[in-house]
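Beneath this line is the structure, given in structure tokens, with notes to follow.
The values are calculated or read from the model by the stated rules, or taken from the named source; none is laboratory data. Note that the structure is predicted; figures quoted are calculated from it, not measured. Heads up, the Cβs are rebuilt from the backbone with ideal geometry, glycines too, and the neighbour counts pull from every protein chain shown.
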Amino acid sequence: MRTLFACAWAVLVTSACALAQGPDDLYQLGPDSEHHEGIPQGKIVGPLTLASEVYPNTTRQYWVYVPAQYDATQPASLMVFFDGHAYVGLNGPYRIPHVFDNLIFRKEMPVTLGVFINPGHTPEQKEATDMDWGDGSTNRRVEYNALDDKYSHLIVDELLPAIKKEYNISDNPEDRAISGASSGAICAFTVAWHRPDQFRKVISTIGSFTNIMGGHVYPDLIRQADKKPIRIFLQDGVNDNRALKKDGSYDPNWDWFAQNVKMVEAFKEKGYDMSYVFGMGSHNNKHGGAIMPEMLRWLWRDHPVSVDPKDDAGRAYLKPAEAN
């Protein structure tokens, strides 16, 4: 009995300590976000530099993930990530190169080039980093939070031509996805909203659909406009920024979680191909990183799969007798 009590007490203490660390520590990366021996690894090209005529006097770094299965004779799918530094690294919250390696190898998503692009900056400003995403030190606020089609021109008219010079990517918008976190998330949706002829798949984590630059109007815009051919997955947490001011007043247009809930409700009303997960997290990338593999599976769930046995990499894991 004493041993059982001691064990139960240890569990309670451990659980209390885990909760005391904060709600974001409830979310941990899984095996899909790790490298595994025997899984072909893609390569990372970059950092490269993209100048812009859309935003004069600015440049931004970007990286390209090229999967091991990429064949230049076959058009590959494409996925663009904003705040690229946060996604391309192998020690951060998302670790997309590892996730892509695993899911592409297991045919849970198509052969996909990943492009990781940072917000722009002038010569007087610094490149965004994991320590400083650039809200006050780059062009991030203007590029990512505006609701007009200006940034979509940078992506479609400046970034995509640079990618196409080096790689064979599909022109089918169903083969193109776009993703971001916080202001990068509203930016990803805005690009797809204006250019569904180019991008029709979106992942939004802790999306800033708030009144930074008028983004709180999106739920109403979605309801008022004709349904667009966009598939979207949204993630947020109940402990995200909740717009409570020092004087105790509350402005719903600055409530990140409430605005994400409104986005989901608007998508449901219009019949969008939409999924979402709301958790306990704050304005933090741990939850989004932990479920990124599942979000990607859902996003690419109906991609074509080859039935040619010569394309089946899994045969390498079969014993000779089983392969015959």
(message) Out of everything in the range 249-281 that is aliphatic (A, V, I, L, M) and under 24 Å from P229 (Cβ atoms), what residue ends up being farthest from the chain's Cα centre (by Cα)?
(response) A266
(request) Give M109, M79 a once-over and let me know the one that is in contact (Cβ under 8 Å) with a residue 24 or more places away in the chain, in a loop (DSSP other than H, G, I, E, B), among the aliphatic types (A, V, I, L, M) and closer than 21 Å to Q235 by Cβ. (result) M109
(message) The conditions are (1) out of contact with any helix residue (DSSP H, G or I) (no Cβ under 7 Å at 6 or more places or on another chain); (2) closer than 19 Å to N285 by Cα; (3) surrounded by fewer than 17 Cβ atoms within 10 Å (Cβ to Cβ), and T49 fails exactly one of them. Which is it?
(response) (2)
(request) Please find, among I206, I232, the residue that is at positive phi, under 14 Å from the mean Cα position of the chain (by Cα), among the hydrophobic types (A, V, I, L, M, F, W, C) and at pLDDT 95 or above. (result) I206
(message) Let me spell it out: the conditions are (1) in contact with a Pro (Cβ under 6 Å, 6 or more places away or on another chain); (2) hydroxyl-bearing (S, T, Y); (3) surrounded by fewer than 16 Cβ atoms within 10 Å (Cβ to Cβ), and S170 meets all of them except one. Which number is the exception?
(response) (3)
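Results for (1) touching a helix residue (DSSP H, G or I) at 6+ places or on another chain (Cβ under 7 Å); (2) of a type in the set (V, I, T); (3) surrounded by fewer than 24 Cβ atoms within 10 Å (Cβ to Cβ); (4) closer than 18 Å to Y276 by Cβ, shown as yes or no for each residue.
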{"site": "G184", "(1), (2), (3), (4)": "yes, no, no, yes"}
{"site": "F189", "(1), (2), (3), (4)": "no, no, no, yes"}
{"site": "P196", "(1), (2), (3), (4)": "yes, no, yes, no"}
{"site": "V202", "(1), (2), (3), (4)": "yes, yes, no, yes"}
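Tally time: how many residues in the range 275-291 are out of contact with any Leu (no Cβ under 9 Å at 6 or more places or on another chain) and outside any strand (DSSP E or B)?
5
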(message) among the hydroxyl-bearing types (S, T, Y), part of a strand (DSSP E or B), out of contact with any His (no Cβ under 9 Å at 6 or more places or on another chain) and under 19 Å from L159 (Cα atoms): is that true of Y87 in this structure?
(response) no
(request) Could you grab me the full set of residues in the range 162-174 that are over 24 Å from W300 (Cα atoms) and free of Cβ contacts under 8 Å to residues at least 24 places away in the same chain? (result) K165
(request) Working carefully through the options Y62, Y70, find the one that is of a type in the set (S, T, Y) and either closer than 22 Å to W300 by Cα or part of a loop (DSSP other than H, G, I, E, B) (or both). (result) Y70
